[in-house]
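Participant: There's a structure below that I have some questions on.
Where a number appears in this text, it was derived from the coordinates with a stated rule and is not lab data. Being a predicted model, the structure only gives us computed values, none of them experimental. Ideal geometry is used to build each Cβ from the backbone, glycine not excepted, and the neighbour counts take in all protein chains shown.
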Amino acid sequence: MAEALRFAIEDMPSSMLRGCVLEVDEARFDGTQMQKLYDADSYPLPRRFRLGRQRR
């Protein structure tokens with residue numbers, strides 16, 4: 001799940017994140033929820049930041 005979050009937040013255009021849904025087991029996370037999971041202190045992977053990427 002952490003790698004999927006990393007891809008969605010760091011690699012996809014932010015305009016696409018608005019319409020995305022990540023489904024893990026039977027839980028579903030929309031773009032806002034994915035951003036919160038990525039920003040959480042408990043996120044297990046090092047964060048990569050792309051230059052020019054606006055963080056929400």
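Participant: Which order do the peptides 32-42, 5-15 come out in when sorted by mean C-beta neighbours inside 10 angstrom, highest first? Provide the component values of the computation, followed by the final result.
Facilitator: Numbers: 32-42: 12.8, 5-15: 14.4.
Descending mean neighbour count gives 5-15, 32-42.
Participant: Let me ask something additional. Under 10 Å from the Cβ of V21, count the other residues' Cβ atoms, weight Lys and Arg +1, Asp and Glu -1, and hand me the total.
Facilitator: Summing Lys and Arg as +1 and Asp and Glu as -1 gives -1.
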